[in-house]
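Taking it in order: structure first as structure tokens, then the write-up.
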Amino acid sequence: MPSTSPSPSTPERRSDSAVANASAGIKRGFWRSLKLALHQVIVESRWIVPFTLIIGAVAFGLGLFSDLQRSASFNDRTVQVHQLTRAVVLFLPALLVLIIRCRGWRQILSMTLLCVPAALLWVLYDTHLHGAVAMTGDYGQVPVPGAYYWNVGLIAIAILSPILVTIAYQLTTILDRHLIREFTLPFIFCLVAFYSIWLIFDLNDNLSDFREHRPSFREILTFYGIQIPHIFTKVAQAAVLIATVYALSKMSQANEFIAIMGSGRSLMRTLTPLFLIGAYISFLFLVFNYQWAPTGEGQKETLLDQFSGDQKTASAKRHLFVNRDAGRTWYIGEIPLDPGKEELRIVQIQFHDQEFRLLRSIIAASATWNPETRIWQFKDVRLVDHAQDPPAIVTVATHQELDWSETPWQLVNERTDPDYLGVPKLLSYKKTNERDGLQTPNAILTNLHYRWAAPWSCLTILFLAAPLGIAYSRRGIFGGVASAVFLFGAILFLTELSLALGKSGHLDPALASWLTNTVFLILGGLFLYLRARNRTVRLPRLRPYRLPASDTLH
């Protein structure tokens, strides 16, 4: 039998594998060294906390001294917000290091020192910027200050919520923390992955505009930053589903639930941390969905237009409004995104009699309305008198009209897209229609109720996915995973169907908004009850019908 000699390429393959292993070892060694260095600096070092505190205090003192040199008034709200912002930013590194290093009450104290000034800063900043506008309607609508302060309070509570989360985490047991880690890591991974996928597709769509107009890096960050709440509201449900099924299925494969049940802890007690996390995610969903998410999505096209140098916004174009009682017909070429701050553009007003015979016209490049004096002011105006033949035309720079019943709200409310309105604007729309004796469209009412109902779908999905991700036997977990995915599709379908029926008037708006959560929360509670008793849902089976012996064919 001839002897076989080794292939000449074998040493080369060995050398290649050795080089690959060496490079992989270098990479692993680099990351391990970096992790060890960060651990030594942040956790083990004694000088890092005093050093960051001293640097922050010195920088804050220099900023305060410069303000005193400029004779700044510390009673001014703007100066107070500026000082508080500077303090939070400068002391942020030291507080973060303390949060990472400390445990127990020291960690809670560090989190409090970080969150309380940040919440106070938010309240001062937002009330200074939007508080006056919320108290008075800036373009003729009924103000709803309560809804605005609800928004401020919700965001402030969200900023303070890490303190409560830290306290709750300190009170948990080892098993609770294990379940929290098993769920939190895939949930965060799903959020980052979904946002990255969306970012790639959006960059592919807008990259040509960025190259053409060359916005600054700060403008690009603002463009994508204001859309984070909207993206969170779109992907939070799927992230909760994937993280729940993955975490519980992984624990089921390792027979962890059997061991936990054997130790005497019930299934409901075991899943309690998961339900609390779901409630917290729903609360964050509510904070984003209340105002930030719809308005952020509505400002996307506006920011793209501003990148090209056009600082004017437009939410709708070519709008017609007829005031039969006053005998005026308005044609508006462009409606701004915020009519209270920007002017209506390309405005033409026709005056007619009861038989709609044209009397005179006002053609202007722009029109603004003063909410205090209720005066309409037009710029670059042409006054046309159609009573003469030919019509007489007079051109003036500005023109004012007093005692007109129209307000910008009455002109533009029919073209308002409720999907881009938060709860304050939706409530203002509803109350303004009630003041004017008009019926509020079903689309407005449905969106108003859905702003409150949508966040709790995360908790509903968690109730539904938790029992399907747990398996006590060796039958596998794929059946539960497939069922969870199928039910998630059913949730999306029923949600879209009920909202469409609510907006079209075939279903009550409140019922249309809460129907999906109610149905699937009951279904999830039933699944959880059966899973806690190691029982499954018995679906009816189709069995063939057997004819009696006398009726059989021979």
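The values are calculated or read from the model by the stated rules, or taken from the named source; none is laboratory data. Remember, predicted model here, so these are calculated numbers, not experimental data. Cβ: placed from backbone, ideal geometry, glycine included. Neighbour counts: every protein chain shown.
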Could you give every pair whose Cβ atoms fall below 9 Å, whose first residue belongs to region 227-254 and is in a loop (DSSP other than H, G, I, E, B), and whose second residue is among the polar types (S, T, N, Q), counting only separations of at least 6 or pairs across chains?
Gln227/Gln299
Cβ pairs under 9 Å, 6+ apart or interchain, first in region 197-209 and within 13 Å of Lys300 (Cα to Cα), second among the polar types (S, T, N, Q) and surrounded by 13 or more Cβ atoms within 10 Å (Cβ to Cβ), ordered by first then second residue, are Asp202/Gln227
Only one of (1) within 23 Å of the chain's Cα centre (by Cα); (2) farther than 13 Å from Phe520 by Cα fails for Cys458. Which number is that?
(2)
With respect to the numbered conditions (1) in contact with a Gly (Cβ under 6 Å, 6 or more places away or on another chain); (2) surrounded by fewer than 20 Cβ atoms within 10 Å (Cβ to Cβ), which one is the sole condition not fulfilled by Pro229?
(2)
Tell me, yes or no, whether region 117-127 has at least one residue that is surrounded by 18 or more Cβ atoms within 10 Å (Cβ to Cβ), more than 16 Å from Lys430 (Cα to Cα) and in contact (Cβ under 8 Å) with a residue 60 or more places away in the chain.
no
Checking Thr136 against (1) more than 27 Å from Pro371 (Cα to Cα); (2) in contact (Cβ under 8 Å) with a residue 40 or more places away in the chain, the condition it does not meet:
(1)
Members of region 181-226 found to be surrounded by 12 or more Cβ atoms within 10 Å (Cβ to Cβ) and over 29 Å from Gln291 (Cα atoms), listed by number:
Glu182, His213
Conditions (1) in contact with a helix residue (DSSP H, G or I) (Cβ under 7 Å, 6 or more places away or on another chain); (2) modelled with pLDDT under 90; (3) not small (Gly, Ala, Ser): number failed by Glu434
(1)
Return the pair list, or none, for Cβ contacts closer than 8 Å from residues in region 318-347 that are without any contact (Cβ under 8 Å) to a residue 40 or more places away in the chain and over 21 Å from Leu303 (Cβ atoms) to residues that are buried (at least 18 other Cβ atoms within 10 Å of the Cβ) and aromatic (Phe, Trp, Tyr), at least 6 apart or on different chains.
Leu320/Trp330; Val322/Trp330; Val347/Trp330; Val347/Phe378
Filter region 401-411 down to residues that are assigned to a helix (DSSP H, G or I) and surrounded by fewer than 21 Cβ atoms within 10 Å (Cβ to Cβ), then give me how many there are.
1
Please specify each residue of region 493-519 satisfying the condition of being over 23 Å from the mean Cα position of the chain (by Cα), in a helix (DSSP H, G or I) and among the hydrophobic types (A, V, I, L, M, F, W, C).
Leu501, Leu511, Val519
Can you name the residue in region 106-136 that is part of a helix (DSSP H, G or I) and among the β-branched types (Val, Ile, Thr) and, of all such residues, is farthest from the chain's Cα centre (by Cα)?
Ile108
Failed condition for Leu154, given (1) more than 22 Å from the chain's Cα centre (by Cα); (2) within 21 Å of Leu459 (Cβ to Cβ), with all others met?
(1)
So, in region 162-214, of the ones that are of a type in the set (Gly, Ala, Ser) and more than 20 Å from the chain's Cα centre (by Cα), which residue ends up nearest to Leu459 (Cα to Cα)?
Ala168
Check whether at least one residue in region 137-145 is hydrophobic (A, V, I, L, M, F, W, C) and either at pLDDT 85 or above or within 21 Å of the chain's Cα centre (by Cα) (or both), and report yes or no.
yes
Let me spell it out: the conditions are (1) in a strand (DSSP E or B); (2) on the phi < 0 side of the Ramachandran plot, and Pro424 meets all of them except one. Which number is the exception?
(1)
Take the residues in region 135-175 that are out of contact with any Ser or Thr (no Cβ under 9 Å at 6 or more places or on another chain) and small (Gly, Ala, Ser), then tell me which one is surrounded by the fewest Cβ atoms within 10 Å (Cβ to Cβ).
Gly146
Among the residues of region 158-176, write down those that are in a helix (DSSP H, G or I) and either of a type in the set (Gly, Ala, Ser) or free of Cβ contacts under 8 Å to residues at least 12 places away in the same chain (or both).
Ala158, Ser161, Leu164, Ala168, Tyr169, Ile174
In region 357-394, which residue that is over 21 Å from Val142 (Cα atoms) and acidic (Asp, Glu) is modelled with the lowest pLDDT?
Asp389
What number of residues within region 359-400 satisfy the criterion of being outside any strand (DSSP E or B) and touching a residue at least 40 places away in the same chain (Cβ under 8 Å)?
1
